[in-house]
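Accompanying notes for the structure given below.
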Amino acid sequence: MAKELTSRSENYSQWYNDLVIKADMAENSAVRGCMVIKPYGYAIWEKMQSVLDRMFKDTGHVNAYFPLFIPKSFFSKEASHVEGFAKECAVVTHYRLMTDPEGKGVVVDPEARLEEELIVRPTSETIIWNTYKNWIQSYRDLPIKCNQWANVVRWEMRTRLFLRTAEFLWQEGHTAHESAREAIEETETMLKVYADFAENYMAMPVVQGVKTANERFAGALETYTIEALMQDGKALQSGTSHFLGQNFAKAFDVTFTNNEGKLDYVWATSWGVSTRLMGALIMAHSDDNGLVLPPKLAPIPVVIVPIYKTKEELDKISVIAKDLVAKFKSMGIEAKYDDNDKKKPGWKFAEYELKGVPVRLAIGPRDLENNNAEVARRDTLTKETVSLDGIDQYVVNLLNDIQKNIFSKALKFREESTTRVDSFDEFKKVLDEKGGFILAHWDGTSETEEQIKAETKATIRCIPLNNEQEDGKCIFSGKPSKQRVLFARAY
RNA sequence: CGGGGUGUAGCGCAGUUGGUAGCGCGCUACGUUCGGGACGUAGAGGUCGCCCGUUCGAAUCGGGUCACCCCGACCA
């Protein structure tokens, strides 16, 4: 009997301890704050990766790979960037070990000290711009639109499974442009790509917007973000796209000759999403029975479970099941036929629910007689009996329905969890009693934002794009305001 | 780095006033089962995180140390 699962009521660790680890997604590693992603969890990441990679290519990007190690001196070139990252870097100081002359084991060879320390990349702006310097001379060399799939390390004081691990997998796009306008366009395009991915693949509604100065990426002029709401009422920054201006070009002296023959600094963007998206996916949709995966990202969209007593029954079912698997395959759906003899049907049902498999077909003796299958859907946990004739098309339609249903469920939840408030008392009350997003007026100053954060732990998640303009008064200072911004307590 | 908590079988946990370790799940074998995580019988599995101390005797008491988790500061 599975341990009773708790979900949206508790804190995030409950989600992971009860749902994720049991669902074979990840477990703690031997290394501080790092994460082991087991095969099933990694299969989800691979799905995400392949969709995103396609989207990047469709928007004119190419993949490249840059070094893991960054010379320390690179970091001192962009002042605000180093301030943002210096406190959380892993530093390589030596390149050799030796047997301990004093005893057992190995020690760092003091003779093998590096002349210049190497930083394990926390993000790759510096090493990439150091490289771009050599790639760019003329406006004819622009734009450069590279993406890198890589791991990065940030030595956070406190880590959280999936949401903030010391090492994480991500993609980082780095582009170079001849004009500010073109770079801003790129920044916005990539934000749209992320929003599209979140909503149409992850089935997770997001608010697109720009960050306030306080929350901006270290070294950026503008940070765009997609913000999602988790079922426990906390917000999660799920992807960011930065307009870097000419900051990195100036820091790394990357200039080009424009078509008027004049020298100018290159304009830059960077954008990234990480394995944090897996955390978002889990916390946005899971229920007390385990994961709920959107069909478009489920490693196993359809599973077929045979129910039988005898070898003869199994053989008959297998013929039908294998035929179905082939039919699904021809329609682009990877169905799994689980004829594992060592597990019983009830066990399999529970297991695939835990793993979030969207559609489960069960075929038993009863179905053999009537030419049926039992079709169960994960999102609603409902079952019905369907004729085997045309079941392939039925399942295709069902998968589409599930994809849509998961999204609308999450959207409905977000709408119900978004509150407009006009006073600070109300603001605090909603935060404590209801959680979720809060739309409120803000006077636009960092001081107010910081004080609200200090008193309530809520931050401005973003200023939504195409935000409705409306006269009002800042809930904290009472000063005039032109628009409401999006507040929430966040991960 | 501050505050709190936990380290005992693969996992989750119990362990009384100190007396030499147990439960559930899982695992192995056999049988009956198989349409919602089956049941019976018989088994296997632990230097009680590590070190030092107190004691005739320590999972239990004292000191230290390490690791992990939670709450803060920091952050994708």
- Query: Considering only Cα-Cα distances, which of the following residue pairs are longer than 30 Å: A:Lys309/A:Lys404; A:Lys428/A:Lys479; A:Lys296/A:Lys322; A:Lys311/A:Lys348; A:Lys87/A:Lys211; A:Lys47/A:Lys348?
  - Reply: A:Lys309/A:Lys404
- Item | Accessible area (Å², per residue) of chain A, counting only protein heavy atoms and a probe of 1.4 Å | 46 Å²
- Item | Contour minus Cα-Cα distance for A:Val91 and A:Glu334 (0.36 nm per residue) | 83.1 nm
- Extending each Cα 7 Å along its Cβ direction at A:Asp323 and A:Asn214, get the distance between those two points in nm, one decimal. 6.5 nm
- In chain A, taking the dipole from +1 charges on Lys and Arg beta carbons and -1 charges on Asp and Glu beta carbons about the Cα centre, the listed residue (A:His94, A:Asn466, A:Leu354) farthest towards the positive end is A:Leu354
- Of all DSSP beta bridges in chain A, antiparallel share, percent nearest 5: 85 percent
- Once all protein chains are kept in place, A:His242 shows an accessible area at probe 1.4 Å, nearest 10 Å², of 10 Å²
- Item | Helix-derived mean residue ellipticity, 222 nm - over chain A, DSSP H n ≥ 4, -39500 (n - 2.57), to 500 | -10500 deg cm²/dmol
- Message: So if I place +1 on the C-beta of Lys and Arg and -1 on the C-beta of Asp and Glu, and nothing else carries charge, what would the dipole magnitude of segment A:160-240 be about its Cα centre? I want it in debye, nearest 20.
- Response: 380 debye
- Message: Taking a virtual spin label 7 Å from the Cα of A:Asn259 along the C-beta vector, which residues in segment A:130-146 bring their backbone nitrogen under 15 Å of it?
- Response: A:138-143
- Task: For A:Asp288 and A:Lys404, compute 0.36 nm times the residue count separating them, minus their Cα-Cα distance, and round to one decimal in nm.
- Result: 39.7 nm
- Item | Simple spin-label estimate for A:Trp347 and A:Glu470 in nanometres, 7 Å along Cα-Cβ | 5.6 nm
- Message: Once you place label points 7 Å from the Cα toward the Cβ at A:Arg32 and A:Thr310, how far apart are they in nm?
- Response: 6.4 nm
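The values are calculated or read from the model by the stated rules, or taken from the named source; none is laboratory data. None of the values given here were measured: they were computed from a predicted structure. Glycine also receives a Cβ, built like all others from the backbone with ideal geometry; neighbour counts cover every protein chain displayed. Protein only, heavy atoms only, side chains kept; ligands, DNA and RNA dropped before computing areas. Shrake-Rupley method; radii C 1.70, N 1.55, O 1.52, S 1.80 Å.
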